[in-house]
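Data block below; observations after.
Where a number appears in this text, it was derived from the coordinates with a stated rule and is not lab data. No experiment lies behind these values; they were computed from the predicted model shown. Note: ideal-geometry Cβ built from the backbone for every residue, glycine included; neighbour counts use all protein chains shown.
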Amino acid sequence: MMFKKFCKNISLLGLLVLFLSACHHEKPNVIYMPDMVYSPALKAQQEGVRLPVPGTISRDFIPYPYKNNPEGAGRELKNPLMPTRQVLVRGQHIFGIYCIACHGASGEGDGTIVPKFPRPPTLHSEKVRNWSDGRIFHTISVGQNLMPSYASQISAGDRWAAIYYVRVLQRAKHPTSEDLKIADEE
Ligand code: HEC
C-alpha cells in the first residue's frame, strides 16, 4: 500500500518536474560556455546591418501607385507615346505575342486558347472603347480576374504601344465618321 502511494507521488513529482523544465528550456540555469552562447557576432539582417533608407526600392522595380485604383489610373495615366506607324507596328507585334492567344486576332475574344481557357470579353464593347488608355494600361499591368498581370513580361512602353493597337482594332470595327469619309473618297 505504502509502496503504491510512493509510486504515485513519484510519478506526480516526475510530471511536475517535466512541466517546470518545459517552462525553462529556453533559459538554462547553467551555461557552460557563455562566450559561445552569447556570441558577439551579429546574425545576418539583424540590428547593426546598415539598412537601406526607408522607402528604398530595387533598381528594376518601377512603382505602380494605382494597384487598387483602376479609376485613378484611368483618369491620371496618359499614353506617353504618339500613334506613329512605328508605334502601331510595335503594338501589333506585342499584341500578337501576348494578347492574341486569348483575345483573338481581332479582339473578339476568340483566341486559340479558347475554350480551354474561358473566353475573354470582346475588346469592342462600348465599355472598353470608352475606357481611357490609362484604364486599359491598368488592366494589362495589374491583371483583371482571370487575366494575369503582364507587368513583368511587357515593358511599360510596349504596353502603351499594344493599347494603340487595340485602338486600331476597335476603330476598324467602329470607324469614326472621319474614317468613313476617307473610305468614301478612296
Ligand atoms: C491568358 C489569357 C489572356 C491574355 C494573354 C490577355 N488577356 Fe486580357 N483578358 C482575359 C480575360 C479572361 C479577361 C476578362 C477578365 C474579367 O473577367 O474581368 C480579360 C480582360 C481584358 C480587358 C478588359 C475587358 C473588359 O471588358 O473588362 C482588356 C482591355 C484586356 N483584357 C486587354 C488585354 C491585352 C491588351 C492583352 C495583351 C497585352 C491581354 N488582355 C492579354 C484574358 C487574357
Report summary line: Any residue on another chain or 5+ positions along whose placed amide H is under 5 Å from the amide H of K67 is listed here as none
Report summary line: Per the rule of 0.36 nm per residue minus the C-alpha distance, extending D35 to Q153 adds in nm 37.4 nm
Query raised in the report: For the peptides 151-159, 78-86, 91-99, 36-44, what is the packing order when you average, over each peptide's residues, the other Cβ atoms within 10 Å and list the highest mean first?
Result: 91-99, 151-159, 78-86, 36-44
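Taking the beta-carbon count within 10 Å as an exposure proxy, list K5, K67 from fewest neighbours to most.
Ordered by Cβ neighbours within 10 Å, fewest first: K5, K67.
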Query raised in the report: What do the square roots of 5 times the Cα gyration tensor eigenvalues come to for the stretch 70-185, in whole Å, largest first, as semi-axes of the equivalent ellipsoid?
Result: 22, 18, 14
